[in-house]
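Below is one structure, written out as structure tokens; comments come after it.
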Amino acid sequence: MKRQDKMAITAVSLLALSVDVAAIFVVPELRMRYADASLTSTQAAGQTATQAGSSRGENSSPSSSTPSSSSSVSSSLKDGTYSGAVVSTNRGDFQVDLTVSGGKVTNVEVLEYPQDPTSQSINEQAIPVYVKEALAAQSAQIQLVSGATETFNGFTGSLQDAINQAQGSK
């Protein structure tokens, strides 16, 4: 095989590897950043509309405000326990149980999550953080733990489904 042919094959292989790396690491991060930016701009637009209504002297009580996004929790959660949908990720399936008492989220329990050694190592660190943040935020709007994107996607997806059920949206 000629030296030029070997160099061409090496160049094509490196290009293919670069595309694979971008697909695995860069694209999901861009999606998360885009989703966060989109969510932030939606919230800002909702706050601006609320502020504009207040400056015109309109009544703006918390119960009449417009929800800022689909992943927020309104004050109309019905007491009970709700099992979120099973959300499949590249690492495996996730499912959470949501407990609502007094109209507030009082407990989030992870019923199902991947148990392979790599996922187990990630999940034992990330899941308690996600549960704590969900309880504090009273929503599925929580921060991503670095290195635990699949756990984040599965956890928040199932949690949002359970919240929707508690709101009577499902």
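The values are calculated or read from the model by the stated rules, or taken from the named source; none is laboratory data. Quick caveat: nothing in here was measured; it's all calculated off a predicted structure. Counting neighbours? That spans all protein chains shown, and the Cβs are built from the backbone with ideal geometry, glycine included. In case anyone asks, the SASA skips ligands and DNA or RNA and just uses the protein heavy atoms, side chains included. Shrake-Rupley method; radii C 1.70, N 1.55, O 1.52, S 1.80 Å.
Taking label positions 7 Å along the Cα-Cβ direction at both GLN4 and LEU111, the computed distance is 6.4 nm, reported to one decimal. Placing pseudo-labels 7 Å out from each Cα toward the beta carbon at ASP93 and ALA137 gives an inter-label distance of 2.5 nm.
By how many nm would the segment from VAL86 to SER146 grow when fully extended, if each residue of separation counts as 0.36 nm and the alpha-carbon distance is taken off? Write out the running numbers ahead of the final one.
Numbers: separation 60, 0.36 × 60 = 21.60 nm, distance 2.27 nm.
Going from the current span to full extension adds 19.3 nm.
Ordered by 1.4 Å accessible area with all protein chains kept, TYR113, TYR130, TYR82 run largest first as TYR113, TYR82, TYR130. Just need log10 I(q)/I(0) for the range 77-132 at q = 0.13, 0.15, 0.17, 0.23 Å⁻¹, Debye formula, equal scatterers on the alpha-carbon atoms, no solvent, rounded to two decimals. After summing over all Cα pairs, the log10 values are -0.36, -0.47, -0.58, -0.90.
As a fraction of the 1.4 Å probe accessible area of the range 73-170, surface on carbon and sulfur atoms comes out at 46 percent. Relative to the current alpha-carbon distance between SER121 and SER101, full extension at 0.36 nm per residue lengthens the span by 4.0 nm. Over the range 73-170, accessible surface divided per residue gives 49 Å², non-protein components excluded, 1.4 Å probe. Provide the net charge surrounding GLY92, with neighbours chosen by a C-beta distance below 12 Å and charges set as Lys +1, Arg +1, Asp -1, Glu -1. Every neighbour counted, the sum reads -3.
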